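Visitor: Sharing a structure, written as structure tokens. Questions coming.
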Amino acid sequence: MRATLSEHKVDLIGTGLPFAQDPALRAATRTIFTQREAIGRSEMIVWVARSGFLAAHRPAMVDFMEDVLRALHFLTDPANHREAVDIVARFNKQPADYYDAWLFKSGGDYYRDPNAIPDLGALQSNIKTQAEFGFLKADLDIRHYADLSLIKDAATRLAH
């Protein structure tokens, strides 16, 4: 997107992370509005699985979510910021300074609940907005489908 904008092939682009934090893009552009300003708090990325799969593999899924929480706690701990940035930079083959100012920082990238509990209210609002704009055929009640017991069980394990 940065290339098409800088080559004047387009006048406006929408960017998500990490592309929105590209230093070259930020130096050449200005933000008109953010996603939060447009639709409010969002919960756009969630993990889903069929209930039959979860029932058949519940112990393994709680183990997996425990590992997710361990990683989340490590990556978002300010004491580990340098190492977390280095891990991401190596993986993406980018310089660490590309990520240092914003990655895993409060207000720097996406909000993360410390125990990975999704914001079902925000998700419900996002689904409603998508239905209103015709991206979904109908609104649905997300609470009917959400089962947070796996992540809550994993968080309980870590607390002990």
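Visitor: Kindly provide the set of residues from segment 35-56 that are polar (S, T, N, Q) and closer than 23 Å to ASP113 by Cα, ordered by number. Please lay out each step first, then the result.
Guide: So the first thing to find is which residues in segment 35-56 are polar (S, T, N, Q), and the list is 35, 42, 51.
GLN35, SER42 - these are the residues of segment 35-56 that are polar (S, T, N, Q) and closer than 23 Å to ASP113 by Cα.
Visitor: Between VAL10, VAL68, VAL62, which is within 16 Å of the chain's Cα centre (by Cα), among the hydrophobic types (A, V, I, L, M, F, W, C) and modelled with pLDDT of 85 or more? Quick ask: steps written out before the conclusion?
Guide: Values: VAL10 fails: within 16 Å of the chain's Cα centre (by Cα); VAL62 fails: within 16 Å of the chain's Cα centre (by Cα).
Sole residue among the options that is within 16 Å of the chain's Cα centre (by Cα), among the hydrophobic types (A, V, I, L, M, F, W, C) and modelled with pLDDT of 85 or more: VAL68.
Visitor: Let me ask something additional. VAL62: in contact (Cβ under 8 Å) with a residue 24 or more places away in the chain, in a loop (DSSP other than H, G, I, E, B) and closer than 23 Å to THR156 by Cα, yes or no? Let's see the steps before the verdict.
Guide: Numbers: in contact (Cβ under 8 Å) with a residue 24 or more places away in the chain: yes; in a loop (DSSP other than H, G, I, E, B): no; closer than 23 Å to THR156 by Cα: yes.
Against the criterion (in contact (Cβ under 8 Å) with a residue 24 or more places away in the chain, in a loop (DSSP other than H, G, I, E, B) and closer than 23 Å to THR156 by Cα), VAL62 does not qualify.
Visitor: Identify all residues within segment 2-16 that are open to solvent by 70 Å² or more (accessible area, probe 1.4 Å) and assigned to a loop (DSSP other than H, G, I, E, B); write none if there are none. Let's see the steps before the verdict.
Guide: First, the residues of segment 2-16 that are open to solvent by 70 Å² or more (accessible area, probe 1.4 Å): 2, 6-9, 11-12.
Passing the criteria: GLU7, HIS8, LYS9, ASP11, LEU12.
Visitor: Let me ask you something else. Could you list, ordered by first residue, the pairs with Cβ atoms under 8 Å in which the first is in segment 14-42 and closer than 21 Å to ILE127 by Cα and in contact (Cβ under 8 Å) with a residue 40 or more places away in the chain and the second is surrounded by 10 or more Cβ atoms within 10 Å (Cβ to Cβ) and basic (Lys, Arg), at least 6 apart or interchain?
Guide: Between residues of segment 14-42 that are closer than 21 Å to ILE127 by Cα and in contact (Cβ under 8 Å) with a residue 40 or more places away in the chain and residues that are surrounded by 10 or more Cβ atoms within 10 Å (Cβ to Cβ) and basic (Lys, Arg), the close pairs are SER42/ARG36.
Visitor: Okay, moving on. Restricting attention to segment 132-144, does a residue exist that is more than 27 Å from ALA55 (Cβ to Cβ) and part of a helix (DSSP H, G or I)?
Guide: Yes, segment 132-144 contains a residue that is more than 27 Å from ALA55 (Cβ to Cβ) and part of a helix (DSSP H, G or I).
Visitor: Still on this structure, I have one more. Counting only residues that are over 23 Å from ARG26 (Cα atoms), part of a helix (DSSP H, G or I) and open to solvent by 50 Å² or more (accessible area, probe 1.4 Å), which one in segment 77-124 is modelled with the lowest pLDDT?
Guide: PRO78
Visitor: Return yes or no: is ILE32 over 19 Å from ASP113 (Cα atoms), open to solvent by 50 Å² or more (accessible area, probe 1.4 Å), β-branched (Val, Ile, Thr) and in a helix (DSSP H, G or I)?
Guide: When the stated conditions are applied, ILE32 does not pass them.
The values are calculated or read from the model by the stated rules, or taken from the named source; none is laboratory data. None of the values given here were measured: they were computed from a predicted structure. Virtual Cβ from ideal backbone geometry, glycine too; neighbours counted across all protein chains shown. Keep in mind that these areas ignore ligands, DNA and RNA; they rest on the heavy atoms of the full protein, side chains included. Shrake-Rupley method; radii C 1.70, N 1.55, O 1.52, S 1.80 Å.
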